[in-house]
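Here the structure comes first, spelled out in structure tokens, and everything after it is commentary.
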Amino acid sequence: MIITQPKPFEEVKGMLKDYKKLLLIGCQDCSSICQTGGSEQVKEMAEKLSADHEIVGTLMCQNPCDTRVVKRDIKFIEEELGKADAILSMACGLGAQDLYKVIGKPVIPANNTLFMGQIERLGRYYEMCCGCDNCVLVEYDMVCPVVIPMVCQKCGRSLAWDAKYCDQCGSQQLEKGEAQKIEA
């Protein structure tokens with residue numbers, strides 16, 4: 001799962017200052033589960049932005065990161081798409097880039113992409129994989145050594161996964177840390 005977090009509203013507003021007519025596109029997959037780009041969040045964002053912008057339409061795209069799906073889904077909003085000055089993407093960075101590639105209009109990302117994560121429950125996510133292109137989970141008891149840092153037992157400093165000693169206090173008493181946890 002791609003874990004996202006909404007950008008601060010003022011930051012989004014600032015990126016949209018040069019555009020009057022907006023089309024908002026949400027994600028029915030990862031961002032919907034993270035509650036950063038589902039139908040409720042798209043509706044709320046449209047309401048907030050309507051004071052300064054004309055919202056020409058909204059779309060809940062099944063998977064904005066899948067070019068085939070984007071091409072299929074935008075057929076339902078061709079008229080609205082023609083009116084829009086820009087697209088506000090409420091998906092992850094992959095989805096925003098794919099929307100730009102397919103649509104060709106300015107795409108403004110409303111979310112920050114944090115990491116690939118595991119969902120414990122809605123609102124609680126753990127970073128488990130960084131997509132390093134060299135998976136070594138089997139060698140490390142199914143714990144990603146790139147994501148899970150080593151921690152010095154003496155001073156508490158977080159170190160690189162392959163550290164042999166603490167560069168701050170010199171201790172060799174290191175152990176695996178914990179996955180980054182996001183609570184929303």
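Below, the figures for the structure above:
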item	result
With Cα atoms, 0 to 90° folded angle of helix 39-49 axis to the chain main axis	70
Cα-based Rg and Dmax for the chain, where Dmax is the largest Cα-Cα distance (Å)	20.1, 64
Burial ordering of M90, M1, fewest other beta-carbon atoms within 10 Å first	M1, M90
Magnitude of the charge dipole, the chain, Cβ model with Lys/Arg +1 and Asp/Glu -1, debye to 20	180
Theoretical gain in end-to-end length, Q97 to D52 [0.36 nm per residue, Cα-Cα removed]	13.7 nm
Principal-axis tilt of helix 93-103 within the chain, Cα atoms, nearest 10 degrees	30
Coarse-grained scattering of segment 133-178 at q = 0.17, 0.27, 0.30 Å⁻¹, given as base-10 log I(q)/I(0) from a Debye sum over alpha-carbon atoms	-0.46, -0.89, -1.02
Residue exposure sequence - L16, L99 - by fewest surrounding Cβ within 10 Å	L16, L99
Mean ellipticity per residue at 222 nm, deg cm²/dmol - from DSSP H runs of n ≥ 4 across the chain, formula -39500 (n - 2.57)	-6500 deg cm²/dmol
Residue-span extension gain [E40 to M15] - 0.36 nm each, minus C-alpha spacing	6.8 nm
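Quick note: the coordinates plus some simple rules give every number you see, no bench work behind them. The shown structure was predicted, so the numbers you read here are calculated from the model rather than taken from an experiment. Here Cβ is always computed from backbone atoms with ideal geometry, including for glycine, and neighbour counts include all displayed protein chains.
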